[in-house]
Amino acid sequence: MQIQLNTLKKKLNIFKETPIYIGVSVVLLILLILSIGFAVTLGSVDISIKEVYEIIFNKLLALIGNDTIKSGPVHDVVWLIRLPRIILALCVGMGLSVVGIIMQAIVKNPLADPYILGISSGASLGATMAIMLGVGSIFGSNSIGIAGFLGAFIVSMLVLIIANIGGRANSVKLLLGGMALSSICSAFSSFIVYFANDAQGMQKITFWLMGSVSGAKWEDIIFILPMILLGIVFFMTQYRVLNLMLLGDDVAVTLGTDLHKYRHIYLIITSLMIGMLVYSSGMIGFVGLIIPHIVRMIFGTDHKKIIPIASILGGIFVIWADVLSRTLIEGTEIPIGILISMIGAPCFIWLMIKNTYGFGGKN
């Protein structure tokens, strides 16, 4: 068994070479573009590929002033339903994958995911308060998403504050603070649900926690997509500091870098990214855990390489998960969070068994 693992490691080391890495990156980028183009043609409503691309092409022309759009049911299905949810799925996949990598570096733990520091429980509490208590009702139909965003962001900031009490924050204190706040938020959520005694509200909470991109709107995507892309680009420029985080604070200090302020900056930016994704799609797990593992297994632990690859691969993964969620069972849409968990959990177990990559500075 050990001989087989060593052989697999040697084969995977080929992908760490620069020419092959660039080639794989280009192939994945092409696959991403093809996935977006093909996914928009699939759905419960039977629309020809020609009709789909005519609508998209004419809509793009309309954006530059050449208005040749003929509105109708086919136009609405393609432009207002399918394409927005595909772009939102792309945002979710890219954002969760990159934030997963950053969280794993911050807490120096390969089992960390984007929700590790109590963010999921904070978002859940916010959504529960919106549904059961009417908090944020002034935001209308967006109240649940906005409350979830605020819950996730507030808990993240509280984790930072708690971790800095009695000394400077480190990865252990961040994890412990996140666990404590996660328990508190979960307890309050259960308390509200128990005393509200609202079966319909509980059903809404459950659906929101399952995650879905079916409510995608262009007005949200126009704001979310640039923010996610800016966050990814920012972290791509931070690869040296992220690599140092895997080595630990003591090593970083000897090399002249204080990781304390960087952890604060990274946590604030990742919290904003997660908050926006929670607002638009609810809770979608395993993406930020599985994709970083796969990428590290193949390309090693250098953040300069793995962040771009993980963002592309994550986008492809969630796009096709969304396609499966709306086409797997005719006439029914499976919540994407359920489908990804069904795929992600066995994959994660398999990766743990294989354990073919290093972490914490090992390549």
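Below is a table of values for the structure above.
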| read-out | value |
| --- | --- |
| Residue count for region 103-139, restricted to those that are within 16 Å of the chain's Cα centre (by Cα), of a type in the set (Val, Ile, Thr) and closer than 19 Å to LEU351 by Cβ | 1 |
| Looking only at region 79-113, and only at residues there that are basic (Lys, Arg) and touching a helix residue (DSSP H, G or I) at 6+ places or on another chain (Cβ under 7 Å), the one that is surrounded by the most Cβ atoms within 10 Å (Cβ to Cβ) | ARG85 |
| Subset of region 223-246 [open to solvent by less than 30 Å² (accessible area, probe 1.4 Å) and aromatic (Phe, Trp, Tyr)] | PHE235 |
| Segments classed as helices (runs of 4 or more DSSP H), wholly inside region 158-257, with at least 1 members that are more than 22 Å from GLY275 (Cα to Cα) and among the hydrophobic types (A, V, I, L, M, F, W, C) | 171-196, 199-210, 239-247, 249-254 |
| Odd one out for ILE268 among (1) open to solvent by less than 40 Å² (accessible area, probe 1.4 Å); (2) within 25 Å of PHE149 (Cα to Cα) | (1) |
| Residues satisfying the stated conditions in region 114-129, i.e. part of a helix (DSSP H, G or I) and either crowded, with 24+ Cβ neighbours inside 10 Å or at pLDDT below 85 (or both) | ILE119, SER120, SER121, GLY122, ALA123, SER124, LEU125, GLY126, ALA127, THR128 |
| Condition broken by ILE87, with the remaining ones in (1) under 30 Å from LEU247 (Cα atoms); (2) within 21 Å of the chain's Cα centre (by Cα) satisfied | (1) |
| Residue match in region 160-169 (condition: charged (D, E, K, R) and without any contact (Cβ under 8 Å) to a residue 60 or more places away in the chain) | no |
| Matching residues in region 185-216 - criterion: being open to solvent by 80 Å² or more (accessible area, probe 1.4 Å) and in contact (Cβ under 8 Å) with a residue 40 or more places away in the chain | PHE188, LYS204, PHE207 |
| Matching entry among ILE265, ILE284, ILE334 (being free of Cβ contacts under 8 Å to residues at least 12 places away in the same chain and not in a helix (DSSP H, G or I)) | ILE334 |
| Helices (runs of 4 or more DSSP H) fully within region 1-104 counting 2 or more residues that are modelled with pLDDT of 75 or more | 18-39, 49-63 |
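For (1) out of contact with any His (no Cβ under 6 Å at 6 or more places or on another chain); (2) modelled with pLDDT of 85 or more; (3) β-branched (Val, Ile, Thr), each residue gets a yes or a no:
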position: GLY275; (1), (2), (3): yes, yes, no
position: GLY288; (1), (2), (3): yes, yes, no
position: LYS305; (1), (2), (3): yes, yes, no
position: THR327; (1), (2), (3): yes, yes, yes
position: GLY337; (1), (2), (3): yes, yes, no
position: LEU351; (1), (2), (3): no, no, no
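The values are calculated or read from the model by the stated rules, or taken from the named source; none is laboratory data. Just so you know, these numbers come straight off a predicted model, no measurement behind them. Here Cβ is always computed from backbone atoms with ideal geometry, including for glycine, and neighbour counts include all displayed protein chains. Heavy atoms of the whole protein, side chains included, go into the accessibility calculation; ligands, DNA and RNA do not. Shrake-Rupley method; radii C 1.70, N 1.55, O 1.52, S 1.80 Å.
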